[in-house]
Amino acid sequence: MHYFADDLSRDVAARLWSAAIAPRPVFLIASSSPESIRNIAPYSSIALVSIMPPIISLSFGIRLGNLKNTLDNILATGHFSLNGVPSSLKDTVPESAQGLQREDDFNRLKLTSRKFKVSPSPAIAESLVSIACELSQLIEIDGSLCQLVLARCTELLFDDSAADGAFFDPAKSDLIASIGDDHYTTVNGKTFSLPRARE
Ligand SMILES: Cc1cc2nc3c(=O)[nH]c(=O)nc-3n(C[C@H](O)[C@H](O)[C@H](O)COP(=O)(O)O)c2cc1C
């Protein structure tokens, strides 16, 4: 098969590119509004772009002409947390993607929050691995409605059950990654699907 990118409809492009550039880690991003309403949503356009200092990139689409709650919160407060998704938590991914209302998502999703040492962002205890991040740059992407965030990782928190000595072991917590459309794989090689509502 061969495709020219410019010939693809949005739906076909979404399926093709998200499968061709995969797997991509799935994180639940926890953020807070200035009024302290806690938000959780899944994101997978995340890459580690620098190690010293640790910097990640993350891209946000627009929903019905508006910023998604997560980006809105990040721009307002400057911080958020990335929370890995162990396979035991996989059903939270489509459930958390549906919370368009401003409500406390820790309560809605029945998740437990835990604190970092310094960052004010909440972490998700069930995630086993959480990373506190601070907004560094917001970049408009030429020719795209998506916006790119660069953020600095300031704290790394993981459970002893997911540790290999002093290091984090993604295989022990069986983290999931997106392989396009509704399909996922675990780092231990088990694939599965999680249907989600279309936006
Ligand atoms: C596995 C998965 C990965 C996603 N990755 C992204 C992403 O990288 N960027 C994005 O804008 N939306 C992504 N989404 C869609 C958002 O999760 C969805 O728009 C959500 O409702 C946003 O919630 P919020 O407004 O509370 O931030 C993803 C959804 C799923 C299920």
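Every number in this text was worked out from the coordinates using simple rules, so none of it is lab data. These figures come from a predicted structure and were not determined experimentally. Cβ placement follows ideal geometry from the backbone for every residue including glycine, while neighbour counts extend to all protein chains displayed.
A compact table of results
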item: Cβ crowding within 10 Å averaged over residues, with 5-14, 104-113, 173-182 ranked highest first; result: 173-182, 104-113, 5-14
item: Helical mean residue ellipticity (222 nm; -39500 (n - 2.57) per DSSP H run of 4+; nearest 500) of the chain; result: -4000 deg cm²/dmol
item: Per principal axis, descending, Cα span of the chain in whole Å; result: 49, 38, 36
item: Cβ-based net charge around Val118, under 12 Å, with every Lys or Arg adding one and every Asp or Glu removing one; result: 0
item: Label-point gap, in nm, between Arg196 and Ala14 - each point 7 angstrom along Cα→Cβ; result: 0.9
item: Three-way shape label, region 47-122, alpha-carbon gyration tensor, a/c 1.5; result: rounded
item: Lys110-Ser136 FRET efficiency (beta carbon distance; Förster radius 22 Å; 0.05 resolution); result: 0.10
item: Per-peptide average of other Cβ atoms within 10 Å, ordering 123-134, 91-102 highest first; result: 123-134, 91-102
item: For Ser45, net neighbour charge (Lys/Arg +1, Asp/Glu -1) across residues whose Cβ lies under 13 Å away; result: +2
item: Per-residue ³J(HN,Hα) for region 80-93, Karplus 6.51 cos²θ - 1.76 cosθ + 1.60, θ = phi - 60°, Hz, x for Gly and Pro; result: 6, 10, 9, 10, x, 10, x, 4, 5, 10, 4, 5, 5, 5
item: Over 24 Å (Cα to Cα) - which of Lys90/Lys190; Lys68/Lys117; Lys90/Lys172; Lys117/Lys190; Lys115/Lys172; Lys115/Lys190 fall in this group; result: Lys68/Lys117; Lys117/Lys190; Lys115/Lys190
